[in-house]
Amino acid sequence: MATTIDPAALRAGKGPELYRKAKTMIPGGTGLFGHRQEMHAPEQWPTYFAEAKGSEVVDLDGNRFIDFASCGIGATALGYADPDVAQAVTNRVVNGSMCMLNPPDEVELAELLLQLHPWASKVRFGRLGGETMAIAVRIARAYTGRDHIAFCGYHGWHDWYISANLPIDDNDSSDRLGNWHLMPGLEPKGVPAGLAGTTMPFTYNKIDELKAIIESHGDRLAAIVMEPTRNLFPEPGFLEDVRELATQCGACLIFDEITISWKLTCGGAHLKYGIEPDMAVFAKSLGNGVPMSAIIGRTEPMDAFQDTFCSSAFWSEGIGPAAALAAVKKHMRLDVPAHLDHIGSA
């Protein structure tokens with residue numbers, strides 16, 4: 001039975017109190033911008049969870065909520081604490097999560113991802129979406145020998161992306177902080193000025209904007225980076241035209257599937273539209289709440305991993321692959337995207 005919680009009780013709760021304490025030690029209060037209390041209901045947002053299972057969240061005061069917020073920023077399509085994923089993680093933890101050898105689950109996971117995406121032939125794993133987008137951009141630059149990137153949409157916090165808000169020169173007075181691709185007020189401080197002009201945004205469904213970028217920078221373009229869909233559906237021919245333009249100018253087409261994947265199809269949303277990129281990046285729901293990410297791609301660009309240094313200690317831990325393997329198998333077994341479509345259309 002639904003109940004209403006007194007806002008005054010929320011303001012006096014343990015969550016807001018702990019958040020006030022956190023802000024004295026943690027810049028911004030927490031690491032994820034979208035989890036800041038000020039983004040939702042200042043002084044009333046529960047802020048911290050004691051338990052999260054299925055679609056329910058319990059705060060530090062024992063209040064129970066049905067979570068309509070975004071399923072952990074889109075990271076838990078199977079629901080919180082999915083029992084299959086939780087069991088796989090538990091088994092891995094009790095048997096050791098990391099050593100000087102590699103987890104075998106990553107090989108089976110690679111096989112499944114390639115089975116779901118026949119156009120791809122190679123896989124590399126990471127743990128976080130933003131970092132893996134940065135890796136994909138690095139690989140595109142290594143493969144093509146070019147520096148410039150055309151993109152639309154949101155792709156994380158790394159320098160390659162935030163540099164789009166840098167002024168081109170001292171005389172550039174354009175309101176870059178008001179651009180649609182980045183939230184207003186997030187200044188590119190700390191991003192090297194030398195990256196200015198290397199990333200160029202275009203608007204989703206506006207193919208003429210991408211054509212203009214290619215006309216002026218096509219021979220320097222390493223990649224076209226975009227989500228196949230997010231808040232908008234592609235207009236007829238849009239994704240097909242993007243694919244053709246990338247091929248014509250020799251740029252890698254990179255689909256950011258971090259948020260939308262596993263929602264429309266078992267795998268990347270690009271499968272729904274029949275458009276094959278050169279690389280695709282997965283994270284969030286891949287591990288269903290456990291950090292895990294992947295780049296899949298064609299042989300030629302993926303072989304550039306051998307030509308540039310991309311390595312990290314925790315890319316060989318075992319919890320992420322175990323969680324992702326359990327999650328992917330469940331998506332395939334239950335056809336979770338069809339269920340999401342059913343309840344979303346009800």
### Message
Is there a quick way to get the dipole size of segment 7-69? I mean about its Cα centre, with the Cβ of Lys and Arg at +1 and of Asp and Glu at -1; what is the value in debye to the nearest 20?
### Response
200 debye
### Query
Gain in length, Ala22 to Ser312, computed as 0.36 nm per residue apart minus the alpha-carbon separation, to one decimal in nm?
101.5 nm
### 11 Å beta-carbon shell around Asp208, net charge (K/R +1, D/E -1)
-1
### Query
In terms of the Cα gyration tensor, with a ≥ b ≥ c the square roots of its eigenvalues, is segment 208-328 rounded because a/c is under 1.5, prolate because a/b exceeds b/c, or oblate?
oblate
## Note on the structure
Quick note on Asp256, Asp219, Asp82, ordering by fewest other C-beta atoms within 10 Å, gives Asp219, Asp82, Asp256
### Message
Looking at the chain only, what percent of DSSP beta bridges run antiparallel? Nearest 5 please.
### Response
55 percent
### Task
Order by neighbour count: Val89, Val336, Val58, fewest other Cβ atoms within 10 Å first, most last.
Val58, Val336, Val89
### Query
Which of Gly28, Ser293, Pro192 sits farthest toward the positive end of the charge dipole of the chain, with +1 on the Cβ of Lys and Arg and -1 on the Cβ of Asp and Glu?
Gly28
### Task
Treat every Asp and Glu Cβ in segment 269-337 as -1 and every Lys and Arg Cβ as +1, leave all other atoms uncharged, and give the resulting dipole magnitude about the Cα centre to the nearest 20 debye.
480 debye
## Note on the structure
Taking a ≥ b ≥ c as the square roots of the eigenvalues of the Cα gyration tensor, with a/c under 1.5 meaning rounded and otherwise prolate when a/b exceeds b/c and oblate if not, segment 1-83 is oblate
#### Entry: Neighbour-count order for His342, His217, His331, fewest beta carbons within 10 angstrom listed first
His342, His217, His331
### Task
Express in % the proportion of alpha carbon pairs of the chain at distances exceeding 28 Å.
48 percent
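A short reminder: the numbers here are calculations on the coordinates, not readings from a lab. Note that the coordinates shown come from a computational prediction; the quantities given were computed from them, not determined experimentally. Backbone-built Cβ (ideal geometry, glycine too); neighbour counts: all protein chains shown.
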